[in-house]
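Reviewing the structure listed below.
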Amino acid sequence: MKFRIMKEKGFSLYRTSNTCPFVFMVDGRIPHGGMFDRLKGLVTVFAVSKALGKPFRLNWSYPFVLSKYLEPNKYDWIIDESQMNFGLLSYKNIIAYGEIVNPSRLCKKRSSETHFYYGYDSLDKVNAHFGTDYKWGELYRELFRPTAYLQRYLERYRTEIGDCYIAIHTRFMNLLGDKTETAVNPELDSDSQKNALVASAVNAIKKISSQHFGMNVLIASDSMVFIEEIKKAMPDVYIVPGTVKHIDTAGETDDSENIKMFTDYYLISGAQKVYSLWHEGMWKSAFPEYAARIGNVSFERVEF
């Protein structure tokens, strides 16, 4: 049985190898992707830790501390950096963002504390490797529930939108000139092109809404430009107050922006059905798809 020494709060702490945790890292030392890139990666590593019988911990401190908004539900993932091992020879650092096709390093047995950086949903590969049948939504719900602080906002907005609603999400990225994303797609050249795209998206939303007569409509988007336009075109749709930012390109976010992001995806997870709109040049966002998995509700991507 191997032992290692970890300094914790000034004391020497001895651990056997089978209790050394897998720690998922969101600390800003490298780019981590958007909210659901991070969640997809950590759920994948959590599944590996369960399959190997290893403790799982989460060090999420960038650009906010996750535990302000989400807390452990059925599994205690809390760890502070002061409790972590950064000894030169007594921990492993696994940066695997380029290994989506074959993330074999994630599934190896390890005898030391291991810090993982990863941003993909590889549950199918984990299940195939270990002969397991983990489900993404089930693992997420095992890990997380809203804190009392976040729950107050959720209850307020759920009261406003009601119990019966659909959710429609759009991700324009840079097309409308928001300039909040990395340069994955360019801004459209002219106002006429932008206006035409917005009008087409609004018409698509009206068409979907007409198929759910009597139900409220929640709109979530990465574009504040589009949010302002949909408010004018469809005043009765529900939009969570606040400003949208992409957490991997903003550098920092304030509390109101974080609250909007979390309430958006928890309200999406509580919808009767979730739609994601897509047009050439837009992004097929994971945000509404995985929010739907959290709530175990129907998801459909609509091309317009």
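The values are calculated or read from the model by the stated rules, or taken from the named source; none is laboratory data. Remember, predicted model here, so these are calculated numbers, not experimental data. We place every Cβ from the backbone using ideal geometry, glycine too, and count neighbours over all the protein chains shown. Side chains are part of the model used for accessible areas, which takes the heavy atoms of the whole protein and leaves out ligands, DNA and RNA. Shrake-Rupley method; radii C 1.70, N 1.55, O 1.52, S 1.80 Å.
Things to note:
- Residue match in the range 59-76 (condition: within 18 Å of Tyr118 (Cα to Cα) and assigned to a strand (DSSP E or B)): yes
- Of the set (1) more than 27 Å from Val45 (Cα to Cα); (2) free of Cβ contacts under 8 Å to residues at least 40 places away in the same chain; (3) surrounded by 13 or more Cβ atoms within 10 Å (Cβ to Cβ); (4) not β-branched (Val, Ile, Thr), all apply to Arg152 but (3).
- Residues of the range 142-161 satisfying the condition of being closer than 30 Å to Arg29 by Cα, touching a helix residue (DSSP H, G or I) at 6+ places or on another chain (Cβ under 7 Å) and not in a loop (DSSP other than H, G, I, E, B): Leu143, Pro146, Tyr149, Leu150
- One residue from Asp124, Asp133 being closer than 24 Å to Ser285 by Cα and of a type in the set (Asp, Glu): Asp124
- Subset of the range 84-94 (residues that are open to solvent by 80 Å² or more (accessible area, probe 1.4 Å) and of a type outside the set (Lys, Arg)): Phe86, Leu88, Leu89
- Within the range 190-202, tally of residues that are of a type outside the set (A, V, I, L, M, F, W, C) and surrounded by 12 or more Cβ atoms within 10 Å (Cβ to Cβ): 4
- The residues listed here are Gly98, Gly137; of these, the one that is touching a helix residue (DSSP H, G or I) at 6+ places or on another chain (Cβ under 6 Å) and not in a strand (DSSP E or B) is Gly137.
- On inspection, Lys232 qualifies as open to solvent by 60 Å² or more (accessible area, probe 1.4 Å) and at pLDDT 95 or above.
- Test: residue in the range 78-89 that is touching a strand residue (DSSP E or B) at 6+ places or on another chain (Cβ under 9 Å) and part of a strand (DSSP E or B): yes
- Top-ranked residue in the range 1-33 [being modelled with pLDDT under 95 and open to solvent by less than 10 Å² (accessible area, probe 1.4 Å); ranked as farthest from Val48 (Cα to Cα)]: Met6
- Residue satisfying all of: in the range 110-136; over 23 Å from the mean Cα position of the chain (by Cα) and closer than 25 Å to Arg29 by Cα; surrounded by the fewest Cβ atoms within 10 Å (Cβ to Cβ) among these: Ser111
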